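Peer 1: Okay, here's the structure, questions in a sec.
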Amino acid sequence: MSMFKKKEKSSLPEAPGQALSMEPHASSPAPDASAVIGGLGWYRTQFHRAMKLALGLSLALMVSLAVIALLLLNQPKPRYFAATPDLRLAPLVPLDQPLLTQSGLLTWVSDTITGAMSLNFLEWREKLEAVRPNFDDDTFKSFLSSLESSGILNMIQEKRLSASSVATGAPVIIASGLVSGKATWRIEFPLIVSYESSQGVESTQRLIATVLVCRASTATTPRGVVIQQVVLKRES
């Protein structure tokens, strides 16, 4: 009889309430194909909406930029005005550019010179003062001095005469250009001056007027031009 005994295999003790299970785990359910396709369709729809919105915003931005560019390119240039001594607004035009039309300039010159030569023994001062703004200051003094030195003013006052002057031909521009940065014109026209008394016409003078006109600031003269020189010669 052997002294040794075979050891019997002992089984592991089971934990209370636990049992080793050899059954396989339950697998998760397979996804529903229709649900997946529906989800993809929703995302596709939202993507298309986002793309349409982005395209619309891009077009609106391009239109806005085009409108702004057109407004910037076509915006009117600012106009500046000066206030005259009698508080009138006068446009500021560069002195190297004409302000009056050619016909307006010629009419203005003719009216100014004939007005300056149409005097009478009672109101000769007032008549000269009325045309004084159309002359440069030095030119007006020179013109007045020539009326005095020629004896015309003395004759009008002493003989109590009334002088009337009319242009006998259309004034013409014989030269034009820039002088010291100012637009300048030399204008010539014929005129006749008649001296009348209470007994009738005393005498007449046929003259050729040569007038130098240049641009001036509208802040000092409403027409934007002044007379710089007047030369009166007897018509030959």
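Read-outs throughout are calculated quantities, based only on the coordinates presented, and are distinct from any laboratory measurement. Fair warning: this is a prediction, and the values are worked out from it, not measured in the lab. Every residue, glycine among them, receives a Cβ derived from its backbone with ideal geometry; neighbour counts consider all protein chains shown.
Peer 1: Are any residues in the range 209-236 in a loop (DSSP other than H, G, I, E, B) and charged (D, E, K, R), and if so, which ones?
Peer 2: Within the range 209-236, Arg223, Glu235 meet the criteria.
Peer 1: Please verify whether Arg206 is in a strand (DSSP E or B), surrounded by fewer than 16 Cβ atoms within 10 Å (Cβ to Cβ) and basic (Lys, Arg), treating the condition exactly as stated. It would help to see each step written out before you state the result.
Peer 2: Details: in a strand (DSSP E or B): yes; surrounded by fewer than 16 Cβ atoms within 10 Å (Cβ to Cβ): yes; basic (Lys, Arg): yes.
For Arg206, the condition - in a strand (DSSP E or B), surrounded by fewer than 16 Cβ atoms within 10 Å (Cβ to Cβ) and basic (Lys, Arg) - is met.
Peer 1: In the range 168-198, which residue that is small (Gly, Ala, Ser) and more than 31 Å from the chain's Cα centre (by Cα) is nearest to Ile152 (Cα to Cα)?
Peer 2: Looking only at the range 168-198, we keep the residues that are small (Gly, Ala, Ser), and these are 169-170, 175-177, 180-181, 183, 194, 197-198.
Keeping just the survivors that are more than 31 Å from the chain's Cα centre (by Cα) gives 169-170, 194, 197-198.
Numbers: Gly169: 23, Ala170: 25, Ser194: 12, Ser197: 14, Ser198: 18 Å.
Filtering the range 168-198 for residues that are small (Gly, Ala, Ser) and more than 31 Å from the chain's Cα centre (by Cα), the one nearest to Ile152 (Cα to Cα) comes out as Ser194.
Peer 1: Report whether or not Ile113 is touching a helix residue (DSSP H, G or I) at 6+ places or on another chain (Cβ under 9 Å), more than 26 Å from Cys214 (Cα to Cα) and surrounded by 19 or more Cβ atoms within 10 Å (Cβ to Cβ). Step through it out loud before you land on a result.
Peer 2: On the way: touching a helix residue (DSSP H, G or I) at 6+ places or on another chain (Cβ under 9 Å): yes; more than 26 Å from Cys214 (Cα to Cα): no; surrounded by 19 or more Cβ atoms within 10 Å (Cβ to Cβ): yes.
Criteria not met by Ile113.
Peer 1: Mind listing just one residue for me: the one in the range 182-236 that is touching an Asp or Glu at 6+ places or on another chain (Cβ under 6 Å) and polar (S, T, N, Q) and, of those, farthest from Asp111 (Cα to Cα)?
Peer 2: Applying the filter and picking the extreme gives Gln228.
Peer 1: How many residues are among the hydroxyl-bearing types (Ser, Thr, Tyr) and over 15 Å from Asn134 (Cα atoms) when one looks only at the range 180-236? Quick ask: steps written out before the conclusion?
Peer 2: Of the range 180-236, the ones among the hydroxyl-bearing types (Ser, Thr, Tyr) are 180, 184, 194-195, 197-198, 203-204, 210, 217-218, 220-221, 236.
When the remaining residues are screened for being over 15 Å from Asn134 (Cα atoms), the result is 180, 194-195, 197-198, 203-204, 210, 236.
Residues in the range 180-236 being among the hydroxyl-bearing types (Ser, Thr, Tyr) and over 15 Å from Asn134 (Cα atoms): 9 in total.
Peer 1: Could you please find all residues in the range 127-178 being surrounded by 12 or more Cβ atoms within 10 Å (Cβ to Cβ) and either in contact with a Cys (Cβ under 7 Å, 6 or more places away or on another chain) or part of a strand (DSSP E or B) (or both)?
Peer 2: Listed by number, the residues that qualify are Phe135, Ser162, Ala163, Ser164, Ser165, Val166, Ala167, Ile173, Ser176, Leu178.
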